[in-house]
Amino acid sequence: MLKGKTSLDVTQVENFIFDMTKCIKCKGCTWVDHIYMPGVKFSTRCPSATRYLFDSYGAYGKMRIGLALVEGRLDYSHELLKILYACTLCGACDVGCKRNLDLEIELTLEALRIKAVKDGKGPMPQHKKIAQDILTEHNRFGAPHQNRTKWLPEGIKPSPKADVLYFVGCSASYTNPEIAQATVKILDASGTPFMLMPDEWCCGNLLYSVGMVDEARELARRNVDMVKQAGATTLLTSCAECYRMWKVDYPKMLGISTADLGFRVVHLVEYVDELMKKGTLKLTNRIDLRLTYHDSCSLSRLSEPWVPWKGERGLWGMVNPPLDRRRGTNGVYQQPRDILKAIPGVELVEMPRMRENAFCCGAGRGTMEAFPDFALWAAEQRLAEVKEVGAEAVVSACPWCKDNFAKVVSKNGEKLKVFDISELVLASVEV
Amino acid sequence: MAISQETYQVLESIVGPEYISANPVICEGYRAGPGGYECGSGYERVMTKVPGCVIMPRTTEEVQKIVKVCNRYKIPYVPYSTGFYGARSHPHVSDELLIDLKRMNDFELDEKHLYAVVEPGIIYSQLQEEAMRRGMYIVVGGGGSQVSAIANMIGDGWSPLSYRIGLPHRRILGTELVLPDGELVKLGSLALQGDPFWGEGLGPDLRGLLRGFTGLRGCLGIVTKMAIKLLPFQPERLEPTGISPHTTLQLPTNRVKWINFSMPSKDAMKEAMYEMSKAEIGAGVTKVPIFWRVIAKAKSKEEFWKLWSKENEETLSSFHVLRVLLIGFASEEQLEYEERVLTDIITELGGEARRTRPSDESWFKNADAAGMWLMCGGYVSVDYVIETIEHAIPHGENYAQLKKSFTPPLMPDYGDPGWFQSFELSHQGYSEFLVYWDPDENTDRVDHFYLETSKENIRKRFYTSLLGPHQPLYLTGPAYGPNYHKWLLAVKGEFDPNFVCHPPVPLAHDAFVEQAEWMKPLKDWESPKIRQKK
């Protein structure tokens, strides 16, 4: 709808018709912000548009195609579903658009996927298989649920009751236990009591990301209730995707603000940064390494808190009441950099595309599952940038990024090291 | 499939299956509107079509082959670089082939001779960064950082920095052009030994024809390569700072400085421009419309309207801010000297310096063009003149008067007469008139205003830069010619005998008026015969 009542409810794609009609093809969604443009190399920030080249894969194409779908001028097809799903939903287009136009691109893309599922056409077959695994085994790998806490290292015992509840997530529970282990050891080293969920289930990232909003909402309700029952005041994650789910998409699906969740959601890098500033965690061990930091999308430009909004759109497209738009400005950008710079011996070098301009690793939001070649291609693009700045290692704050980078490094037989930031923090504090 | 299987297969054999598609979903992604430059207007709704097929060549040879196939099979085609120029740069007839040039992104920079050779896929912000990194710069035109440098250079491409280094066509050097029939012509020195250093010779020079005809509207072939002159800058880095949307270049104030001046009158602003030019100081200058200031201050559309509603005709008519850019190209002392001279000029004219931020968001790496749509959703620069300052100022004032009877649907702007500035050390004056509207309201009167500006130009003898490509040719041609329209069509016929390159340009606006019922009451001139694809 163009005028009248509207809201940010992604389950009603009609709320985003205005946004789909106002794209002007400036392509700020695809190119790196002009101020930070590094030149002819590494000049784009949209993996989908860069890989598939046709305008139809950029946000400008998706807005037009989405509108045609909603207006009944196009029907679902293999190509249309590919355009909707061969996209990392990384938010680069959203911050690019909000540099000048303030269109809700990310929400529109989410709404289109939700519509595809509602219409019985989405998600992609690979997603359906994983969704089933999440429903039965409560993790995205289909691994036995009873193995979820096998990662717990010897000598570390979670408290039965604590202010901090560590939500481990599927990746750190099953495929990247080193991240979970490092996280709890860091908490232990700082003297922070923490608890785990009595029975942790998947956060539902994939479900929400591919448009299965009803299933994702059920998980959100269940997980939020579990935290409330546990009495935690802080929900800690070490996964950027889990972080975004808890902080942004849970409240979005539940129709509440992030502030109304009843507990604070923090990523490990925020928590470590706080501990360092309080003096309860000191990074003292030397790590001689020239490294670069990769901004995980869900921790950076996609992580601003959610506030529901509904109102009216009138003349000139103005909305009432005023809408405080999420533009990616207040993402978690500085804390991981401060942490890395605080580690003795570490030389942090920046890649040409950083912070809100970062090029997504390609793994998230259902991409790796349905379009693995595209996901690996995106990681390869990013790693070319890592090599360009002469870094020995790339560090991220998300197991999805680490995993995808590691796959490419392994496939190509490269010497580049890939770390999660928790591993470096632990190496610098561990006695 | 919109084009025949046979044609598709021939085209596919040129670029490979990955780079061509006639899939309706892929083609829908190339629709001009509903948003964009001049989109949401009647012209966009009536005249633009979704392409029948999209093809992405990588080389000039591939472009030639594609164009030859189009001529052989009588397939209409339109070249497309970034697609920012809205309705006019998109297909106008059904089943048109859109030649997307983004894969043509080769880039070379000759530091010694200060030029870059670019292909259509290179955008301004890439070019500017590569240039600045090596102590050079270029004007990023009003189309913004994200437009194809080639497309902008053969069309518009100016900014307040054009005050010193002039209009873009001065900086077009050797150029490679695929003519509408597929023949390749190399312009300037590129014709000999592949050296693009010189635009004027020794080879043919069709730059004026190319630009003056319809430029980036693209109906006289496809520019596949262009050498662009770069200018020496100053050595210090303009430091990027901030997080989106608040990103900016921090200026090294010992070398680069913007200064805003409050002036007592419009005449004083004009005199300041002349005096600066006589003294040969300054790197850029422009009148600042109050509208821009409000845009810069507002954090959202809603805040813009809140601030804008506080303005009125009096505040606008008494707002005289001159924005001057100083650059110490050769030394810090140059900047100091120019600032002293400038201060003398301004003081003598009764002006005074205002506090000015030591940063640049808009001009060195301009992308604010995209912000023009924020306030209303619909925008077009309805006209601009490049003549003298004496000509430019009344042009804007006349338009402001005319606009009153078209407001609404045009945005209320309290009689804002647009903006003006001087080019080429005041040897030229420039006026641009921008209009905004809500595309979700009835826009018939927006279309009427567009046409009425053309009639106003004829009545008042204003020279407009948009004679050919944006107005009915059979209205403007006889008035400005008397045979301007016939000459333009003769040129078109000579270069594009099959009329396949972006038809019906240059008669597109004529075709629009013929097809749009709501335009008929304004029609009081002879109709052309418009060749239509069968």
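Tabulated values for the structure
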item: Check on residue B:396, within 30 Å of residue B:301 (Cβ to Cβ), assigned to a helix (DSSP H, G or I) and within 14 Å of chain A (Cβ to nearest Cβ); result: no
item: Residue match in the stretch B:162-182 (condition: touching a Phe, Trp or Tyr at 6+ places or on another chain (Cβ under 6 Å) and within 14 Å of another protein chain (Cβ to nearest Cβ)); result: no
item: Any helices (runs of 4 or more DSSP H) falling wholly within the stretch A:369-431 and containing at least 3 residues that are in the same structural domain as residue A:344 (by TED's automatic domain parsing) and among the basic types (Lys, Arg); result: A:399-412
item: Residue A:92 more than 29 Å from residue A:377 (Cα to Cα) and open to solvent by less than 10 Å² (accessible area, probe 1.4 Å); result: no
item: Residue tally, condition open to solvent by 50 Å² or more (accessible area, probe 1.4 Å) and part of a loop (DSSP other than H, G, I, E, B), over the stretch B:255-269; result: 1
item: Tally of residues being within 21 Å of residue B:354 (Cα to Cα) and either assigned to a helix (DSSP H, G or I) or open to solvent by 60 Å² or more (accessible area, probe 1.4 Å) (or both) across the stretch B:282-307; result: 9
item: Qualifying residue in the stretch A:274-282 (condition: surrounded by 17 or more Cβ atoms within 10 Å (Cβ to Cβ), of a type outside the set (Ser, Thr, Tyr), in contact with a strand residue (DSSP E or B) (Cβ under 9 Å, 6 or more places away or on another chain) and not assigned by TED's automatic domain parsing to the domain that holds residue A:348); result: no
item: Check on residue B:125, over 25 Å from residue B:220 (Cβ atoms) and touching a Ser or Thr at 6+ places or on another chain (Cβ under 7 Å); result: yes
item: Residues of the stretch A:209-240 classified as touching a Lys or Arg at 6+ places or on another chain (Cβ under 8 Å) and either within 21 Å of residue A:123 (Cβ to Cβ) or among the β-branched types (Val, Ile, Thr) (or both), total; result: 5
item: Subset of the stretch B:224-254 [within 14 Å of another protein chain (Cβ to nearest Cβ), β-branched (Val, Ile, Thr) and open to solvent by less than 10 Å² (accessible area, probe 1.4 Å)]; result: B:228, B:247
item: Test result for residue A:318, in contact with a strand residue (DSSP E or B) (Cβ under 8 Å, 6 or more places away or on another chain) and crowded, with 17+ Cβ neighbours inside 10 Å; result: no
item: Residues (part of a helix (DSSP H, G or I), of a type in the set (A, V, I, L, M) and touching a Gly at 6+ places or on another chain (Cβ under 9 Å)) located in the stretch B:128-149; result: B:149
item: Qualifying helices (runs of 4 or more DSSP H) (wholly inside the stretch B:24-93; at least 1 residues being under 16 Å from residue B:182 (Cα atoms) and open to solvent by less than 30 Å² (accessible area, probe 1.4 Å)); result: B:60-73
item: Of residues in the stretch A:64-81 being touching a residue at least 24 places away in the same chain (Cβ under 8 Å) and assigned to a helix (DSSP H, G or I), the one nearest to the other protein chains (Cβ to nearest Cβ); result: A:64
item: Residue ID - nearest to residue A:52 (Cα to Cα), chosen from residues in the stretch B:99-130 that are charged (D, E, K, R) and either away from chain A (no Cβ under 11 Å) or out of contact with any helix residue (DSSP H, G or I) (no Cβ under 9 Å at 6 or more places or on another chain) (or both); result: B:106
item: Condition met for residue A:121 (outside any loop (DSSP other than H, G, I, E, B) and charged (D, E, K, R)); result: no
item: Some residue of the stretch B:86-102 being over 21 Å from the mean Cα position of the chain (by Cα), over 16 Å from residue B:20 (Cα atoms) and free of Cβ contacts under 8 Å to residues at least 24 places away in the same chain; result: no
item: Residue among A:65, A:105 that alone is over 23 Å from the mean Cα position of the chain (by Cα) and buried (at least 24 other Cβ atoms within 10 Å of the Cβ); result: A:65
item: Test: residue in the stretch B:456-465 that is under 22 Å from residue B:398 (Cβ atoms), among the acidic types (Asp, Glu) and not assigned by TED's automatic domain parsing to the domain that holds residue B:64; result: yes
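One line per residue, one yes/no per condition, for (1) more than 10 Å from chain A (Cβ to nearest Cβ); (2) of a type in the set (Gly, Ala, Ser):
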residue: B:305; (1), (2): no, no
residue: B:327; (1), (2): yes, no
residue: B:344; (1), (2): yes, no
residue: B:350; (1), (2): yes, yes
residue: B:371; (1), (2): no, yes
residue: B:380; (1), (2): yes, no
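Yes/no per residue for (1) touching a residue at least 12 places away in the same chain (Cβ under 8 Å); (2) among the aromatic types (Phe, Trp, Tyr); (3) in contact with an Asp or Glu (Cβ under 6 Å, 6 or more places away or on another chain); (4) within 9 Å of chain B (Cβ to nearest Cβ):
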position: A:30; (1), (2), (3), (4): yes, no, no, yes
position: A:35; (1), (2), (3), (4): no, no, no, yes
position: A:56; (1), (2), (3), (4): yes, no, no, yes
position: A:62; (1), (2), (3), (4): yes, no, no, yes
position: A:89; (1), (2), (3), (4): yes, no, no, no
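Residue by residue, here is whether (1) buried (at least 22 other Cβ atoms within 10 Å of the Cβ); (2) under 21 Å from the mean Cα position of the chain (by Cα) holds:
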residue	(1), (2)
B:349	no, no
B:358	no, no
B:364	yes, yes
B:371	yes, yes
B:387	no, yes
B:395	yes, yes
B:404	no, no
B:409	no, no
B:414	no, no
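The values are calculated or read from the model by the stated rules, or taken from the named source; none is laboratory data. If you're wondering where the values come from, they're calculated on a predicted model, not measured in any experiment. Note that we place each Cβ from the backbone using ideal geometry, even for glycine, and neighbour counts take in every protein chain shown. In case anyone asks, the SASA skips ligands and DNA or RNA and just uses the protein heavy atoms, side chains included. Shrake-Rupley method; radii C 1.70, N 1.55, O 1.52, S 1.80 Å.
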